[in-house]
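The structure appears below as structure tokens.
The values are calculated or read from the model by the stated rules, or taken from the named source; none is laboratory data. Since this is a predicted model, take the numbers as computed values, not measurements. Reconstructed Cβ throughout: ideal geometry from the backbone, glycine too, with neighbour counts over all protein chains shown.
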Amino acid sequence: MKTRGYLYLIGFAVFLMIIGLACNGGATPTAAPVAPVAPANTNSGSTNSNTNTANDNTNSNANTNSSSAIVTFTDQNKFYQIDVPGDWKHKSDSGTHYYIDQFKAPDGNALVENITYNDGTPFTGSQNGQFALQLLHQFYSSTGKEGDIHVSEDSIQKDGSERLVWTSSGGGYSGLSYFEVRDKLNFLMFTVEWSNNYKDTYLDTLNKVIASYMIP
């Protein structure tokens, strides 16, 4: 698996996606929200036991217990609450318009992560799915570019969120990502990821984390 550091995010590459409004010839195009871009070799996702964490920031809510006993975590804006193993290392980072929380298994072969983004621009229509795919390519591909992540399933959940089942072609890992928009402005993408060789080891634990997800 390709070695990459987590949450260095030393800068943003800002770009604009322009969405044309069909059937409104004279209308002004609307700009889609601008995503944070993970620089090459510093993607926030991707399970990797050799990840360099020298500059990782630990959130004050992080649990540092050396026990696998389940603990409850609530994010800083109380958008969600999850139950996670107490010995999974919590890392967090924030920047202009976004913050990230990640929990990684001690051996580095599974992780739970949430990206929350709000730049004050409302999400509308197909922008939700486009933005989710953009984040997948930038944060979870083995290259940080399009072409590596293959989405095999896309489905709407009972709670209104959308689930993407995906695999990294070159990274040897897979994941499930759930995304939704709160109050038209807050984009949340919740992801669980595992190394393909450790699927049987971690899938039950990850499913329990997903099942515990709730709004506090």
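Brief remarks follow.
- Taking strands (runs of 3 or more DSSP E) as the structural unit, those lying wholly within region 95-174 and holding at least 1 residues that are under 19 Å from VAL209 (Cα atoms) and in contact with a Phe, Trp or Tyr (Cβ under 6 Å, 6 or more places away or on another chain) correspond to 98-104, 110-117, 162-168.
- Evaluated against (1) surrounded by 15 or more Cβ atoms within 10 Å (Cβ to Cβ); (2) under 19 Å from LYS199 (Cα atoms), GLN134 falls short on exactly one condition, (2).
- Some residue of region 67-80 being acidic (Asp, Glu), part of a loop (DSSP other than H, G, I, E, B), under 15 Å from LEU206 (Cα atoms) and at pLDDT 95 or above: no
- The residue that is surrounded by the fewest Cβ atoms within 10 Å (Cβ to Cβ), counting only those in region 194-206 that are without any contact (Cβ under 8 Å) to a residue 12 or more places away in the chain and within 20 Å of ASN114 (Cα to Cα), is ASP204.
- Just one of the listed residues (SER142, SER174, SER169) is touching a residue at least 40 places away in the same chain (Cβ under 8 Å), in contact with a strand residue (DSSP E or B) (Cβ under 8 Å, 6 or more places away or on another chain) and small (Gly, Ala, Ser), namely SER142.
- Region 179-207, residues that are of a type in the set (Lys, Arg) and either under 14 Å from the mean Cα position of the chain (by Cα) or closer than 13 Å to LEU111 by Cα (or both): LYS199
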